[in-house]
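The values are calculated or read from the model by the stated rules, or taken from the named source; none is laboratory data. Since the structure is predicted, the reported quantities are computational estimates derived from the model, not experimental observations. For neighbour counting, all protein chains shown are included, and Cβ atoms are generated from backbone atoms with ideal geometry for every residue, glycine included. With ligands, DNA and RNA removed, areas are computed over all heavy atoms of the protein, side chains included. Shrake-Rupley method; radii C 1.70, N 1.55, O 1.52, S 1.80 Å.
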Amino acid sequence: MIFAIAMDYTVFLLASAKEQYERTGDPRRAMVGALAHSGRVVFAAAGVMVAVFFTFAISGPLPPKEMGIVLGVAVLLDAALVRLVLLPVMLRLTGRAAWHTPRWLDRVLPKVTFSHG
């Protein structure tokens, strides 16, 4: 469930990184620009979800309290560690290979650009 909830964070971050990569051609600058551009949005969205889940902790029965606390902590850890630390590090370490598309696949896929310029 947490994986499905947190997928929008990845979409925000990777769309911004792809846009920056298309604009600059530099994988390092793409990740730095993506974090600068959408990192706050990702963390704010996670913060809203954590707040919503933590409100379950003040509800009556014990099962919703437990579920709210567990889901809130899971979303916070996922957004902070996985999406804002591990994903950028992995994209930075893989460099241009992260954005490489094989020629045969490039011919099959539609041409979609993310940059506004």
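Hey, what's region 61-117 come to in accessible area per residue, 1.4 Å probe, Å²?
Numbers: 4280 Å² over 57 residues.
Computed with neighbouring chains in place, this is 75 Å² per residue.
The packing ranking, built from the mean of other Cβ atoms within 10 Å per residue, places the peptides 106-113, 76-83 in the order 76-83, 106-113, highest first. Treating r as the C-beta distance of LEU105 and ALA15 and R0 as 25 Å, the FRET efficiency rounds to 0.85.
For the options MET49, MET90, MET31, a Gaussian network treatment of the chain with springs between C-alpha atoms closer than 10 Å singles out MET90 as fluctuating the most.
Ordering ARG23, ARG103 by accessible area with a probe of 1.4 Å, largest first, what comes out? Could the numbers behind the result be given before it?
Numbers: ARG23 135, ARG103 195 Å².
So the residues, ranked largest to smallest area, are ARG103, ARG23.
Span-like helix check, the chain: qualifying full DSSP H segments, with Cα axial length of 24 Å or more and mean Kyte-Doolittle of -1.0 or more, are 7-24, 27-55. You can think of it this way: the chain between ILE58 and PHE43 has 3.1 nm of extra reach, that is 0.36 nm per residue less the Cα-Cα gap.
Here the chain has 72 percent of its accessible surface on carbon and sulfur atoms, given a 1.4 Å probe and all protein chains in place. Between the beta carbons of VAL85 and ASP26, assuming R0 = 22 Å, the FRET efficiency works out to 0.60 to the nearest 0.05.
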